[in-house]
Amino acid sequence: MKKLLLLILLLTPVAASANQVTPAFTTGSSNSTTNTTQTVTRTQQIQIYGANVKTWEGTNVTPSTTITATDATYSVNDATLPWSLNITTRDAGLVEQHDINETINTTSVITSLSVFSQ
């Protein structure tokens, strides 16, 4: 019985009414300006790592042993001729580091005009 009563109430049409609203203006306009400023600060840190390096390059020279030995010596083959010797050693680890700091400023202005009438 309760279910039947609820079903009848739900199916019965109900009238809705509203009052009419009349605006108190006939024409008008609206101006709007929006200013936005944004600042982004960032830092990029670049680190380059390398392996252990020990090399030699030369002309008219001879090493006494392998270049990885700590007691290696280099001898000039012919002292009457020009000679050159370049030795490069580097421990493994950080080889280069670059720190890049940037500040980016952005400003935007949006202006809008709305005109309306009745």
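Any read-out appearing in this document is the output of simple, stated calculations on the displayed coordinates, not a laboratory observation. Quick caveat: nothing in here was measured; it's all calculated off a predicted structure. Reconstructed Cβ throughout: ideal geometry from the backbone, glycine too, with neighbour counts over all protein chains shown.
For the pair VAL115 and ARG42, a Förster radius of 41 Å applied to the C-beta separation gives a FRET efficiency near 0.45, rounded to the nearest 0.05. With θ taken as phi - 60° and the Karplus curve 6.51 cos²θ - 1.76 cosθ + 1.60 applied, the whole-hertz 3J(HN,Hα) list for the stretch 79-91 is 5, 7, 9, x, 9, 9, 8, 10, 10, 10, 10, 8, 6 Hz, x standing for glycine and proline.
What value, in deg cm²/dmol to 500, does the helix sum -39500 (n - 2.57) over DSSP H runs of n ≥ 4 give at 222 nm once divided by the residues of the chain? Mind showing how you got there, number by number?
Values: 1 runs with 10 residues, N = 118.
After summing the helix terms and dividing by the residues of the chain, the value is -2500 deg cm²/dmol.
Can you tell me how much longer the chain between LYS3 and LEU85 gets when fully stretched, taken as 0.36 nm per residue apart minus their C-alpha distance, in nm with one decimal?
Working: separation 82, 0.36 × 82 = 29.52 nm, distance 10.49 nm.
Extra length from LYS3 to LEU85 when fully extended: 19.0 nm.
Please work out how much length the chain gains when fully extended from ASN101 to ALA15, using 0.36 nm per residue of separation minus the C-alpha to C-alpha distance, in nm with one decimal.
Numbers: separation 86, 0.36 × 86 = 30.96 nm, distance 6.85 nm.
This chain segment gains 24.1 nm when fully extended.
Would you mind estimating how fast the chain diffuses translationally, via Stokes-Einstein at 20 °C and 1.002 mPa s with the Kirkwood radius over Cα pairs, in µm²/s? Let's see the in-between values first.
Working: Rh = 25.4 Å.
This corresponds to a translational diffusion coefficient of 84 µm²/s.
A Stokes-Einstein calculation at 20 °C with viscosity 1.002 mPa s, built on the Kirkwood radius of the stretch 1-55 over Cα pairs, returns a diffusion coefficient of 96 µm²/s. Helix 2-11 axis versus longest C-alpha principal axis of the chain: approximately 90°, rounded to the nearest ten. Full extension of the chain between SER108 and THR65 yields a length gain of 8.5 nm, computed as 0.36 nm times the residue separation minus the alpha carbon distance.
Phi angles across the stretch 30-36 convert, under the Karplus curve 6.51 cos²θ - 1.76 cosθ + 1.60 with θ = phi - 60°, into 3J(HN,Hα) values of 9, 9, 9, 10, 10, 9, 10 Hz, Gly and Pro given as x. Applying a DSSP loop filter and a limit of 10 other Cβ atoms within 10 Å to the chymotrypsin sites (Phe, Trp or Tyr not before Pro) in the stretch 22-70 leaves PHE25.
Note down the relative contact order for the stretch 44-110 as a percent, whole number, built from C-alpha pairs under 8 angstrom at least six residues apart.
Result for the stretch 44-110 is 47 percent.
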